[in-house]
Amino acid sequence: MLTPSGGRSRKRVYGRTRSEVFERLAELQQGSRRGLPVASSELRLGPFLEDWLTNVAQAKVRPSTYHGYAKYLRLYLLPALGKKRLTRLTPTDVRTFLASPELARLSPATRRQIHAILRAGLQHALREDLVARNVAKLVVMPAARSPEIVPLTVEEARRLLEAAEGSRLYALWAVALAVGLRRGEALGLRWCDVDLEAGTLRVVQTLQRTDGRLDLVPPKSERSRRRVPVPDVAVTALRRHRVQAETEAVERGEPLASESLVFTSLVGTPLEPRNVNRAFAALLAGAGLRHVRLHDLRHTFATPAPPCSWPRASPPASSWRHLGTPPSRSR
């Protein structure tokens, strides 16, 4: 019989009756004559998924996604299903695994992610003619209930910026509120990506911590690579922030290059994303505002005009003029 590697091997066929054996053998012979390989019954799911992750998935996904795949593979998929023969994995095996006590302790989103990893790996096995079907696709996960997100109102946003007065990161909060960038997109912004005269900026890279180090990587998707307008409140904040950045660069004995990141530490290094989250939480507490995630400011930016919030006559971005001019900032 033809094997997936292009060679030939002897294949044993079993059945409860002689006619069943002859029928299965005829099917295999007919498929082999048509060029369809016969999957090896010895290949285990664990080694296959490890090979798929290293040689297929790693080249297609972002570094942070790859490390997430590797973690879930190591902690859950390999211990539970790794010794299963690839050709003998059944929908019942997958369903039992997803309902196991080990996974029951995880969030629904994490369980769906683990299921998606297994489904993607088995889909590659199907393309390689190693399995006859993708059994993970036959297992349906329950629909997820998205948590309700209540974005900041204009009044809350104004209080947030007032509390940030004099803060070194004032411009970062203004950009997050008025432009709707993701955290990594804002932290990966360079001065050459910002056109203060035209009032626009380009999103071309994002800052992420992966495998213990900070990396500048492409945006989340092609749609994420974009040019966006910057409202006046954020333009003014960025102008003042640039003056401060130039002063700090001179004090460090180096010019502020066009390729320099907009938001950096005092020594000019990229900002640690987790520290930015902590600073934002402290800012909310200092302003006496309810807790929201930094990412939720994207929803604040995108929210249509509800009563007592965005003016109905204007889109969200234009209503930032109602926040007023950014306050002067001290060092």
**OP:** Sort the following peptides by mean Cβ neighbour count (other Cβ atoms within 10 Å, averaged over residues), highest first: 186-196, 95-105.
**Re:** 186-196, 95-105
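With r as the distance between the Cβ atoms of SER224 and GLN58 and R0 = 25 Å, compute the FRET efficiency 1/(1 + (r/R0)^6) and round to 0.05.
With R0 = 25 Å, the Cβ-Cβ based efficiency is 0.75.
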Original post:
For ARG133 and THR17 in the same chain, what is the full-extension length gain: residue separation times 0.36 nm, less their Cα-Cα distance, in nm?
Top reply: 39.3 nm
Subject >> Potential lengthening between ALA249 and GLU162 on full extension [0.36 nm per residue; Cα-Cα distance subtracted] >> reply: 28.6 nm
Subject >> Length gained when the stretch ALA198-GLU148 is fully extended (0.36 nm per residue, less Cα-Cα span) >> reply: 14.4 nm
**OP:** For segment 190-247, report the convex hull volume of the alpha-carbon atoms normalised per residue, in Å³, without decimals.
**Re:** 100
**OP:** First measure r as the distance between the Cβ atoms of SER265 and THR210, then evaluate 1/(1 + (r/R0)^6) with R0 = 22 Å and state the FRET efficiency to the nearest 0.05.
**Re:** 0.70
**OP:** Return a single number: how many Lys pairs in segment 41-138, at a sequence separation of 8 or more or on separate chains, have alpha-carbon atoms below 20 angstrom apart.
**Re:** 4
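Sort THR17, THR65 by Cβ crowding within 10 Å, fewest neighbours at the top.
THR17, THR65
Every number in this text was worked out from the coordinates using simple rules, so none of it is lab data. Note that the structure is predicted; figures quoted are calculated from it, not measured. Ideal geometry is used to build each Cβ from the backbone, glycine not excepted, and the neighbour counts take in all protein chains shown.
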